[in-house]
Amino acid sequence: MRHLLRSRPIVRLMAALVFPILLIAVVSCSAPAVTSPFVPIPPPTFGPPTPEIDSDGVTHTYWKVTSPPSSQLSDLWVYLTNIDMGFGTIVLAAPDGSYTTRIEGQQGDRIVFNFGSLEGQAMCRPLREGVADTPCQ
């Protein structure tokens, strides 16, 4: 067995097989994860809360959500999820990247915005009137 390991053809063959495997392992461990491209997300604005009474007499509070035009968001799906209440809404951004929708919730609820897909660029903002420029805690 020692004689086989010392022979040059066997050593070259082992090197030819082992080196690419090690190279792939090192590169795959140190390469950044493949994710959706970074999308600069303009902060949306929450309008004042509006109470609505449904047909069962239950009051729901809705907040208008608007976003200014952004070419990076052009025609992307925008997923808004109230993670404190466990539901949300989906809206398609306009060709100029703006969008308008509404979401149910109470002041302070955490709203997660995903852009492009549920695995896409995301941000979390607390629900309160005005520009949503403060991250969730």
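Where does the charge balance sit around residue 85 when Lys and Arg score +1, Asp and Glu -1, over other residues with C-beta under 13 Å from its C-beta?
-2
Got a sec? How would 109, 54, 84, 75 order by Cβ neighbour count within 10 Å, fewest to most?
Sorted ascending by nearby Cβ count, the order is 54, 75, 84, 109.
What's the local net charge at residue 103, with K and R +1, D and E -1, over the other residues with C-beta under 12 Å away?
+1
As an exercise, use a Förster radius of 35 Å and the Cβ-Cβ distance of residue 98 and residue 54 to find the FRET efficiency, rounded to the nearest 0.05.
0.75
Does a label point 7 Å from the Cα of residue 62, set along Cα-to-beta-carbon, have any residues of the stretch 80-120 with amide nitrogen under 12 Å, and which are they?
Of the residues in the stretch 80-120, 101-105 have backbone N under 12 Å from the label point off residue 62.
Could you pull out every residue, at least 5 positions away or on a different chain, whose amide H is within less than 5 Å of the one on residue 98? Hs are placed 1.01 Å off N in the peptide plane, and Pro or chain starts have none.
Amide H neighbours of residue 98: 70.
Report the local net charge at residue 45: Lys and Arg +1, Asp and Glu -1, summed over other residues whose C-beta lies under 15 Å from its C-beta.
+2
Work out the FRET efficiency for residue 77 and residue 128 from their Cβ-Cβ distance, taking R0 = 22 Å, and round it to the nearest 0.05.
0.35
Every number here is computed from the coordinates shown, using simple stated rules; none is lab data. Note that the structure is a prediction, hence the values are computed from the model and not measured. FYI the Cβ positions are ideal-geometry reconstructions off the backbone, even for glycines, and counts take in every protein chain you see.
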